[in-house]
1. Look through GLY39, GLY55, GLY51 and report the one residue that is over 12 Å from the mean Cα position of the chain (by Cα) and crowded, with 19+ Cβ neighbours inside 10 Å.
2. Every residue in region 74-114 that is outside any helix (DSSP H, G or I) and either aliphatic (A, V, I, L, M) or closer than 14 Å to ALA16 by Cα (or both), please.
3. Considering region 94-151 alone, what residues qualify as being within 20 Å of GLY60 (Cα to Cα) and hydroxyl-bearing (Ser, Thr, Tyr)?
4. Among the residues of region 17-68, which ones are outside any helix (DSSP H, G or I) and over 23 Å from LEU107 (Cβ atoms)?
5. Please work out which one of (1) part of a helix (DSSP H, G or I); (2) under 25 Å from ALA136 (Cα atoms) is the condition GLY71 fails and give its number.
6. Residues GLY142, GLY126: which one is touching a strand residue (DSSP E or B) at 6+ places or on another chain (Cβ under 6 Å) and either free of Cβ contacts under 8 Å to residues at least 24 places away in the same chain or not basic (Lys, Arg) (or both)?
7. Looking at region 72-87, is at least one residue modelled with pLDDT under 95 and not acidic (Asp, Glu)?
8. Every residue in region 82-111 that is surrounded by fewer than 16 Cβ atoms within 10 Å (Cβ to Cβ) and either under 14 Å from ASP40 (Cβ atoms) or aliphatic (A, V, I, L, M) (or both), please.
Amino acid sequence: MKNNQIKKMVLAALMAALVCVATMIIEIPSPANGYVNLGDCFVLLSAWLLGPWYGAAAAGLGSMLTDLFMGYAYYAPGTLVVKGLMAVLAAVIYHVMGHRASKAACLVSGLAAEVWMVAGYFLYAGWFLGYGPVGAAASIPGNLVQGTVGLVAGMALLAILRRAKLQEKLV
């Protein structure tokens with residue numbers, strides 16, 4: 001195994017832990033049987049820093065562990081898929097746009113990923129959990145707030161990492 005692969009695996013494990021902890025630290029209950037948190041910030045950072053595959057592993061596993069630890073086990077399978085695909089989408093768009101060129105790559109990739117997150121949870125709650133379209137739609141406002149906060153915080157943290165020239169050293 002190459003040193004770069006080991007480094008990425010260790011960083012993915014670290015990011016999974018950060019996703020989990022950031023999701024658990026700030027928990028604002030939502031009327032739709034969920035909560036708003038800062039986990040999306042680290043989901044997006046995982047994607048931007050680690051790329052689609054390691055980022056998806058960190059995002060999906062870290063978020064799924066939170067569901068298991070916090071008593072939302074019925075959301076764990078959906079969360080693994082939704083957050084994992086969220087990271088893949090963000091990483092691919094970020095890379096295609098030329099991630100070092102501007103903040104636009106962060107904004108566009110983050111927005112696309114957050115739109116997927118809202119749609120993914122809507123589909124999971126409506127179809128797999130049996131809430132139906134009306135019940136699943138109740139979670140949309142909370143997910144939009146969570147996504148907005150996650151995108152803004154993620155972009156701010158990435159800017160800090162760039163200024164400190166840590167982004168290049170990490171991956």
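The values are calculated or read from the model by the stated rules, or taken from the named source; none is laboratory data. What you see is a predicted model; the values in this text were computed from it and never measured. We place every Cβ from the backbone using ideal geometry, glycine too, and count neighbours over all the protein chains shown.
1. GLY51
2. The answer is MET97, ALA101.
3. Passing the criteria: TYR94, SER109, TYR121, TYR124, SER139, THR148.
4. Within region 17-68, GLU27, ILE28, PRO29, SER30, PRO31, ALA32, ASN33, GLY34, TYR35 qualify.
5. (1)
6. GLY142
7. Yes, region 72-87 contains a residue that is modelled with pLDDT under 95 and not acidic (Asp, Glu).
8. VAL96, ALA101, ALA104, LEU107, LEU111
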